[in-house]
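Structure record follows, encoded as structure tokens.
Coordinate-derived values only; no laboratory data. Please read these numbers as outputs of a predicted model, since none were measured by experiment. FYI the Cβ positions are ideal-geometry reconstructions off the backbone, even for glycines, and counts take in every protein chain you see.
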Amino acid sequence: MPPPSQPVDERRPRAQVIDRAWRDLGAGLESLSGPGGAPLTRTVKLIVLPLIVRPALRPELAADFLVPTEAARLAVLIRESGGRLRATARWFTLLKKTRRALGVVAGNPQDLYFQRCFELATEHGAPTTGAEEVARAVVDDLAQAGGGRTVEALKDCLADPALRARLDAELAAAWESRRPATDAAEALALAAEVLETCTAPEPNSSAYAAMVEVGHGELFGRVVWTRAGGVWGGEEPPAHLGLTARPVPARPEIGRGASTATLPAPLDRTLFERLFVVLQSSSRREELPAVPELVAREPGRSCAPLGLDDESLRVAVVLGARLAVGLDPLGTGDPGPGRTAAHRAVNGRWRREASVLRARRMTVSPRPDPDGGALEALAQDLRTPWAAYMRRLWVRLHGRDVRGAPLPDLASAWAVLDGVARSVMMDHRARVRAALRALSATPATAADAPEPRSA
Amino acid sequence: MTEVHVARGRDGSVRVTAGPVSGQTGGPDDEGVPGPDFTRCVLDVAGALLVWPVLGTPGPPVAEVHDVRRAQQWLWAVYGEGVAAAVHDAAAGHPTGRRLTAGTSALTHTAARLGFGHWAARWWPASYPDGIPELEGDVLGLELAALTHQCQELSDDFDDGVADLIEEHRAAVDPLLRWWHALPPQPDGTADHLERVLRLVDDAADCVGLDGPELQRLRSALDEERGHARASAPVDLSALFARRDGHALAAGAAPRAGGRVIARGAGTNDWRRYPPGFVDSAEHAVSWTARAHGARRQIEVEVVAHVSAPAAGVPLAAEVRVNGGGPHRIPLVRRDDVWAGRGELELLPEAGLPVTATPRIEVGVLLPGFDPGPGPDLGVEREAIRDLARRRLADAAQPSTDGTGPFLAEILAAAPDEDY
């Protein structure tokens, strides 16, 4: 939350201070700047703030508005980095050129190279003789940063019959030793309290911490193992909110392959499919454990409550589930069960999204329509919004579990819950766009085919 | 300089409204710009929605700021620092709204243009009978990519769509290059406009790491241009972009249906009920004829197709209501330049009227699954949009006028069918 305000005339937006100081540096920064001369959004986010301004060391520069002395200090920091930034810009141009020459296309060059370019500029200054060699090494290095953490390696690893036998035994033992439970009411009640506070400027983390400490995530996971319904006030929606296509989850299999298009519900996925998703989607694969270790840990995790080892991540599932049952993407306004501040925030976002989609002529019918085809399927997903939400949430949390990245406080948990809501919305938008494009892309157009074609 | 109003809403979001349209216009979906969906330009930016009215005088956008911290990145650049501070204060709990003066900047104008371009890509009222040509989608798409790149400060992640726009519309790169090469260099003319767009597309592609044959040709053409004069050769624009002007209305070509005509009329062409590119935007694109075949009553519906509508595979439907009764759907299939369908008609008399009274028949066209449902009669607004399109095309036909700042796609649409 922004701090209390000072008089208007004195304060200046930090973004403006950065913009002005940047432009004052003059020419030589084109590759880090937008067409109008402002620094690229990514330049500010990945270079200027974390590497030059460093608000962690200078908390007074972390605010959105700065008083004149702070503004002046920030401008000086940028001015003093002018030489290094110009060198960074030249390294970036060189790296992009090298990348093209080497035929590397994966990833966004800004994300991949910005920080490295700043390091190179710090170490070598501007690129000189021998810089091409360095650039090639960096591009190669970053292209292979996965360090063998690939789907291919996973396939090889899981091809070993001895290993498969061992994993199978582990899965059987771990699945047998589960301790199911039947009542999660206490966890869900507390989840509602947490959701009521998580959008506040100073979220109260204590209820969240209590849930983690008591093990409410584990409790909910144990209930999902045995109870098909009745958790959310009726037989529908199911207790697991679509985390499995079955009434209750079944023992995971090991699996030998996967395809993005046909992935089953999260808790129905094989070990292979679970790890496949992690390897496919992780932008920083070098942070993952090596493939044999990934494989060794997954049987235990897959038989843990909710398929996750870390309790804070399991609590995030409970919070997400409690949030998901009250989502109202179609704006029906039905008074959902105990909507909280978090629901109001996310449903408000859906309402804005709906108005964008109407203005962009990308609607789906709010009422069921048997003739609706692909669009009706998308509308149907909006009528059961929890399934898409839980699916995405689980994948994100599983990725964190694998990387050993828990959610230490309510603010970080809410960032994930809110981010998933946003992703679900963006998914919907992309799917509507694709469905409409498919409709208008039927092969024969009027101009080409004046006569109706027979099928 | 324009006056704006900054106030916090009940949901915690902060709204910046321009001019006389302030927060009291109403409903939960209202963005501070009243009017139907097709009269609003909407831009999704970091932490906020920006909305402009399509009709009426240009001005600063209405902003619905839902994440004040993210929005601080651009608020000062779009509205000036005073408004940025007022939004900050409103979010921090400043109780009452404030009225203050907003500045304008290059970013304000470019953002408005981007918003309008997105609107045009979805709602441009292309119509054969109205003489409003369609806008070439790939040309418009690439110019939107260029504008998005120019407005890069507005977004804080990579879902601003530049990469998608370039990928989807890269087919226009080569024709645009040929068009550019065919034009004599002249200051502030279309050649400059083309070069600006092409350079921005090239830079945007470079920024996000896109590559491919079209983009490589674009890069080398732009590199060459710095050193060489262009080889000017006339070019046929309609051939370059494969324009579809050959829309021959199949008036009277329908198979004779027989029977006795008992009524005929025009239906409602509600643009909101189907996606762009299927139905001609003319007000009278929907027509119907009711016939008597002995005791049976049938209705035939014809809907003029959009010039680039797909020939098959689209389940468009007509919706028929008789005397205010429940809606009844008739599937439409493509026949020449119309979507056509025929169905039985239940002519029950309206309550309180004699059986002999002329039936009241209402016909609409919609895409099932897309249709948000029938709405109020918006004929006046549709006509205003057609007027706007005609005005812009007239401006675009004279590249010297700087009035509307036409898009390349508009210049192309307004160009006469001859060698350029």
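Maximal additional length on extending the A:Ala185-A:Ala405 stretch stands at 76.4 nm, based on 0.36 nm per residue less the C-alpha distance.
Computing FRET efficiency as 1/(1 + (r/R0)^6) for B:Arg391 and B:Thr104, where r is the C-beta to C-beta distance and R0 is 22 Å, gives about 0.45.
Per-residue mean of foreign Cβ neighbours for A:110-121 is 1 (Cβ atoms of other chains, 10 Å radius). Amide H contacts under 5 Å for B:Val45: B:Leu50, restricted to partners 5 or more places along the chain or on a different chain, H placed in the peptide plane at 1.01 Å from N. The dipole here belongs to chain A: it is taken about the Cα centre, uses +1 on the Cβ of Lys and Arg and -1 on the Cβ of Asp and Glu, and is about 1160 debye. Considering all C-alpha pairs of the range B:62-180, those separated by over 18 Å amount to 62%. Think of the range A:202-273 as a dipole: +1 on every Lys or Arg Cβ, -1 on every Asp or Glu Cβ, centred on the Cα centre; then among A:Trp225, A:Phe272, A:Gly215, A:Phe272 lies furthest on the positive end. Legend: P(r) of the range A:101-260 from all alpha carbon pair distances, 5 Å bins from 0, whole percents, reading 1, 7, 10, 10, 9, 9, 9, 12, 12, 9, 6, 4, 2, 1, 0. For the protein assembly as shown, a simple Cβ point-charge model (Lys and Arg +1, Asp and Glu -1, everything else neutral) yields a dipole of about 900 debye relative to the Cα centre.
Distance distribution note for the range A:116-163: the fraction of Cα pairs above 12 angstrom is 72%.
Relative to the dominant Cα principal axis of chain A, helix A:216-226 is inclined by about 40°. Summarised as an ellipsoid, the range A:252-360 has semi-axes of 34, 18, 13 Å, derived from the eigenvalues of the Cα gyration tensor scaled by 5 and square-rooted, with the largest first. For the pair the range A:243-290 and the range A:341-388, the centres of their Cα atoms are 27 angstrom apart. Descending by average beta-carbon neighbour count within 10 Å, the peptides A:205-211, B:271-277, A:171-177 line up as B:271-277, A:205-211, A:171-177, the highest first. What are the ³J(HN,Hα) values, in whole Hz, obtained from phi via the Karplus relation 6.51 cos²θ - 1.76 cosθ + 1.60 with θ = phi - 60°, for each residue of the range B:3-14 in sequence order, with x given for Gly and Pro? Working through the residues one at a time gives 7, 10, 10, 10, 8, 8, x, 5, 7, x, 7, 10 Hz. Charges were assigned to the Cβ only: +1 to each Lys and Arg, -1 to each Asp and Glu. The resulting dipole of the range A:237-392 about its Cα centre is roughly 460 debye. The sum of -39500 (n - 2.57) across all DSSP H runs of n ≥ 4, divided by the residue count of the protein assembly as shown, sets its helix-only mean residue ellipticity at 222 nm to -14000 deg cm²/dmol.
The label point for B:Asp174 and the one for A:Asp427, both projected 7 Å from the Cα toward the Cβ, are 3.8 nm apart. In this structure, the amide hydrogen of B:Ala263, modeled 1.01 Å from its nitrogen in the peptide plane, lies closer than 5 angstrom to those of B:Ala290, counting only residues at least 5 positions away or on a different chain. With only the Cα atoms considered, the protein assembly as shown has a convex hull volume of 198 Å³ per residue.
Averaged over peptide B:203-214, the number of partner chain Cβ atoms lying within 10 Å of each residue's Cβ comes to 4. Once you have a ≥ b ≥ c as the square roots of the Cα gyration tensor eigenvalues for chain A, tell me rounded if a/c is under 1.5, and otherwise prolate or oblate according to whether a/b is larger than b/c. Judged from the Cα gyration tensor, chain A comes out rounded (a/c under 1.5). Computed as a quarter of the hull surface, the mean projected area of the alpha carbon convex hull for the range A:62-105 stands at 4.5 nm². Compared with the dominant principal axis of the Cα atoms in chain A, helix A:341-359 is inclined by about 70°.
Seen against the Cα atoms of chain A and their longest principal axis, helix A:131-143 is set at about 10 degrees. Using 18 Å as the cut-off for backbone N distance, which residues of the range A:267-296 belong to the label zone defined by a point 7 Å from the Cα of A:Glu170 along Cα→Cβ? Those under the cut-off are A:269-279, A:288-296. Under 17 Å from a point 7 Å along the Cα-to-Cβ line of B:Asp377: which residues of the range B:317-346 have their amide N that close? Within reach of a label on B:Asp377: B:321-325.
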